[in-house]
Every structure is written in structure tokens, then in C-alpha cells.
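Everything below concerns the one structure shown next.
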Amino acid sequence: MVARAARATDLADLDAAVSDCFACPRLVRWREDVARTRRAAFRDQEYWGRPVPGFGAADARIAILGLAPAAHGGNRTGRIFTGDRSGDVLFAALHRAGLANQPTSVAADDGLTLRDTRIFSAVRCAPPDNKPTPDERDTCAPWLHREVALIRPTLRVVVALGAFAWAAWWPVLHQVYGQRPPSPRPRFGHGAHWSGTAAPELLGCYHVSQQNTFTGRLTPEMLDDVFGRAKQLAGVD
């Protein structure tokens, strides 16, 4: 898979290669089982049932790094954070920040576009219980590394949604930017900020999961603060 990722000359090549990955047997079985059985509310829809590529601007100055697609969200629609409650929260916040042309993301053909922003995940297949294993994260890492490398010329800020995404960033720092990760590693927290040399700024943000948003651990105001800071650091008006 490392070679397949490295051969991608642009994001379109990479997206096509990502969508045809079968490297993790457990994730392949799960994503395909979900696509066959479907949720009752979506029983008349054809699920994507494959790895979900990144989405957004090729010249992004801000990247949003998530954990993995949702079983009945991205795994159904084929677009990251699309068709689920987490996406409802995320894209509403991006719209308020002026980084999305609309506040909703319900289907891959709904007209949504992002400004100066690209979204992708550390693991590209929907995992059981939303919990990919460390081995699955590491197997999937070449896709993440190549995607960051392709947008490296413009990328200025990475917003890591949750501790899993925060941890997934440090190998990118080494593989793409040739920098040794800091030791000890900075701890994840909402609003955490790490700044290196010749690498994007890293911001921590609680994941936009239902658990966090329904309990008030993550509020719209907290999201607005993170994306406002990301825009400022990236030089986005």
C-alpha cells in the first residue's frame, strides 16, 4: 500500500486508490456487512461500503483530521462526515466560519464546497464501534501521509478532532516533513496548540461526536473558537 500511495500524483489519483483499498480484513468485513444490512432508515439507499477519501480544496491552508468514517455516514454516502450527526455539527461550524458554502452535508452530490479547507481521516474505513485498532491506523497511515504531502505547499494548520487523530499526526510530521516528533509528545486537549518549524501548526479539538455534543462537552462556541484560531494561524480571511 505504501507504493500505491506514493504513486498518486494528485488528489484525484489518491482518492481513486484509497477507494480501492482492501488492506485491513476486519474493516473490509465490517464496512461491507454494514452496506449489505443497512439501517432501517436507509434501507432503500445503496451504501458506498468502501474506504472514504478526503474531501475539500486541493490548495487547502487548513486541514481537519478525523478518526474514521461513520458506519451509516461516510460509509453510506461516500463522503467524509456526510449524512450523520457529527457532520451536522462540523459543517454548521465550518459554514459559520466562512469555510463552507452551506451548513449541511447530507449527500455526495448536495453541492457542498469547502474554502481553504480539506477534511480527511486517520483511518479510511468505518470501524466496528468507531474503534480502529493501532495496527489498522498504522496500515492506513500511507494514505494520510501522501494526502498531506500533496497539499503540503499550502497547508498551514491541522485541526485534530480527538486524541486518536492527534496521535496520528506525529508520524506524518516525521514521514512528510522530516522532523523528529517532540519528546515527550504534547498531550491532546481541546484548544491544545503545538508549533514546530517548517510544519503546520497543530490544534486540538474535541471530536464532533454525539457523545461530546449532546453532553455539552463540545459546544458550538468552542468549535467557533477553534476554527477562528485556525483561520488566524493560516492567514485565511
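The values are calculated or read from the model by the stated rules, or taken from the named source; none is laboratory data. Just so we're clear, the structure is a prediction, and the values are computed from it rather than from any experiment. Cβ sites come from the backbone with ideal geometry, for glycine too, and all protein chains shown count toward neighbours.
Some points to look at:
- Scanning segment 107-141 for residues that are buried (at least 18 other Cβ atoms within 10 Å of the Cβ), part of a helix (DSSP H, G or I) and touching a Lys or Arg at 6+ places or on another chain (Cβ under 8 Å) yields a count of 2.
- Looking only at segment 17-53, residues that are of a type in the set (D, E, K, R), outside any loop (DSSP other than H, G, I, E, B) and surrounded by 15 or more Cβ atoms within 10 Å (Cβ to Cβ) come to 2 in all.
- Selected residue (criterion: nearest to PHE22 (Cα to Cα)) from residues of segment 136-158 that are among the charged types (D, E, K, R) and touching a residue at least 60 places away in the same chain (Cβ under 8 Å): GLU136
- Residues located in segment 1-16, provided they are out of contact with any Lys or Arg (no Cβ under 6 Å at 6 or more places or on another chain), assigned to a loop (DSSP other than H, G, I, E, B) and either surrounded by 13 or more Cβ atoms within 10 Å (Cβ to Cβ) or at pLDDT below 95 (or both): MET1
- Some residue of segment 179-197 being aliphatic (A, V, I, L, M) and farther than 30 Å from THR9 by Cβ: yes
- Subset of segment 208-237 [modelled with pLDDT of 95 or more, assigned to a loop (DSSP other than H, G, I, E, B) and among the acidic types (Asp, Glu)]: none
- GLY83 fulfils the conditions (1) assigned to a loop (DSSP other than H, G, I, E, B); (2) out of contact with any Ser or Thr (no Cβ under 7 Å at 6 or more places or on another chain); (3) not basic (Lys, Arg) except for a single criterion, (2).
- Enumeration of residues in segment 174-191 that are under 18 Å from the mean Cα position of the chain (by Cα) and part of a loop (DSSP other than H, G, I, E, B): PHE188, GLY189, HIS190, GLY191
- Listed by first and then second residue, the pairs with beta-carbon distance under 7 Å, at least 6 apart or on different chains, first residue in segment 191-207 and modelled with pLDDT under 95, second surrounded by 14 or more Cβ atoms within 10 Å (Cβ to Cβ), are GLY196/LEU173; GLY196/GLN179; ALA198/TYR177.
- Residues satisfying the criterion are present in segment 164-173 (criterion: within 22 Å of GLN232 (Cβ to Cβ) and free of Cβ contacts under 8 Å to residues at least 60 places away in the same chain).
- Single unsatisfied condition, PRO69 versus (1) touching a residue at least 40 places away in the same chain (Cβ under 8 Å); (2) more than 15 Å from the chain's Cα centre (by Cα): (2)
- When GLN232, GLN211 are checked against the criterion of being within 16 Å of PHE81 (Cβ to Cβ) and either under 18 Å from the mean Cα position of the chain (by Cα) or of a type outside the set (Val, Ile, Thr) (or both), a single residue qualifies: GLN211.
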